[in-house]
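Participant: Questions regarding the structure given below will be posed in turn.
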Amino acid sequence: MRFRLIPNDEGFFPLFNDAAANLATCARYLRDLFDDYSNVDQKVAAVDACERKGDDLTHEIVVRVNRSFVVPFDREDIHALTEEIDDAVDDLAAAADLLVLHHVGQPLPEMCELADIIVQAADVAVALVGKLPSLKGLEPDLAELGKLESTADRVYRRTVAHLFSGSFDAFDVLKWKDIIEALEHSVNSIEGIGDVVESIVLKHA
């Protein structure tokens, strides 16, 4: 067992929790948009507000890393975890913004599927981040995150195949693909949160 003469800065954990909770909130706002495609501008604004909050939290964490003498984990792991959470929120905001920029009339059913998966994955990420202080009981959450990412990959591949089946105009294919890719990138970033947490566990086992 390792002992420290100088205590860790425990103030990082509430910030991690806030960032993960903001991701989960953003995911729900986007799913609500897909489930009930009305008042689009207002709902996209709610997603964008989460992106701004995420940016503020990311900045606060980075500043704290730079000012703290002793941190709970390796600094590169703190940066990586923060970036993965922020990237996931950024991708969700990109998907929401593209709905407006591309003047989408109605989202594809597969987008609703991916949005559901993203909400589930974000909830798992919240649970994982909440266990960082103890680094215990993470295996079920890590396994669930891997399953959700695999499911999202299958939905993504099926959707791309549908887009290129000849049922859509070429311009529409490009528009839909932009949005689908943003959603898929978000799932990958959420899985990346699990990868960073797993790396932290291995280093501190």
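Participant: How many of the residues making up the range 19-70 are over 21 Å from Ile180 (Cα atoms), more than 15 Å from the chain's Cα centre (by Cα) and among the β-branched types (Val, Ile, Thr)?
Facilitator: So the answer is 5.
Participant: Same structure, new question: Give the residue, chosen from Glu110, Glu84, that is closer than 25 Å to Val160 by Cα, of a type in the set (D, E, K, R) and touching a Lys or Arg at 6+ places or on another chain (Cβ under 8 Å).
Facilitator: Glu110
Participant: Could you please let me know if Val201 is part of a helix (DSSP H, G or I), out of contact with any strand residue (DSSP E or B) (no Cβ under 8 Å at 6 or more places or on another chain), free of Cβ contacts under 8 Å to residues at least 12 places away in the same chain and surrounded by 15 or more Cβ atoms within 10 Å (Cβ to Cβ)?
Facilitator: Spelling it out, it is not the case that Val201 is part of a helix (DSSP H, G or I), out of contact with any strand residue (DSSP E or B) (no Cβ under 8 Å at 6 or more places or on another chain), free of Cβ contacts under 8 Å to residues at least 12 places away in the same chain and surrounded by 15 or more Cβ atoms within 10 Å (Cβ to Cβ).
Participant: If I ask for residues that are of a type in the set (A, V, I, L, M) and touching a helix residue (DSSP H, G or I) at 6+ places or on another chain (Cβ under 7 Å), which ones from the range 63-93 would you list?
Facilitator: Val65, Val71, Ile78, Ala80, Leu81, Ile85, Ala88, Val89, Leu92, Ala93 - these are the residues of the range 63-93 that are of a type in the set (A, V, I, L, M) and touching a helix residue (DSSP H, G or I) at 6+ places or on another chain (Cβ under 7 Å).
Participant: Can you tell me which residue in the range 20-62 is farthest from Leu128 (Cα to Cα), limited to those that are in contact (Cβ under 8 Å) with a residue 40 or more places away in the chain, in contact with a helix residue (DSSP H, G or I) (Cβ under 6 Å, 6 or more places away or on another chain) and β-branched (Val, Ile, Thr)?
Facilitator: Val44
Participant: Residues in the range 171-189: is at least one exposed (fewer than 14 other Cβ atoms within 10 Å of the Cβ), of a type in the set (Phe, Trp, Tyr) and either under 16 Å from Val104 (Cβ atoms) or in contact (Cβ under 8 Å) with a residue 24 or more places away in the chain (or both)?
Facilitator: Yes, there is a match, as at least one residue in the range 171-189 is exposed (fewer than 14 other Cβ atoms within 10 Å of the Cβ), of a type in the set (Phe, Trp, Tyr) and either under 16 Å from Val104 (Cβ atoms) or in contact (Cβ under 8 Å) with a residue 24 or more places away in the chain (or both).
Participant: Here's a follow-up. Name the residues in the range 154-205 that are hydroxyl-bearing (Ser, Thr, Tyr) and within 20 Å of Ala95 (Cβ to Cβ), would you?
Facilitator: Tyr156, Thr159, Ser186, Ser189
Participant: In addition: Please state which of the following conditions Ile78 fails to meet, knowing it meets all the rest: (1) more than 17 Å from Ile179 (Cα to Cα); (2) not in a helix (DSSP H, G or I).
Facilitator: All conditions pass for Ile78, except number (2).
Participant: Here's another thing I want to ask about it. Could you tell me whether any residue of the range 157-169 is hydrophobic (A, V, I, L, M, F, W, C), part of a helix (DSSP H, G or I) and at pLDDT 95 or above?
Facilitator: no
Participant: Any residue at all in the range 55-70 that is under 30 Å from Gly105 (Cα atoms), at pLDDT 95 or above and in contact with a Leu (Cβ under 8 Å, 6 or more places away or on another chain)?
Facilitator: Among the residues of the range 55-70, not one is under 30 Å from Gly105 (Cα atoms), at pLDDT 95 or above and in contact with a Leu (Cβ under 8 Å, 6 or more places away or on another chain), which makes the answer no.
The values are calculated or read from the model by the stated rules, or taken from the named source; none is laboratory data. No experiment lies behind these values; they were computed from the predicted model shown. Heads up, the Cβs are rebuilt from the backbone with ideal geometry, glycines too, and the neighbour counts pull from every protein chain shown.
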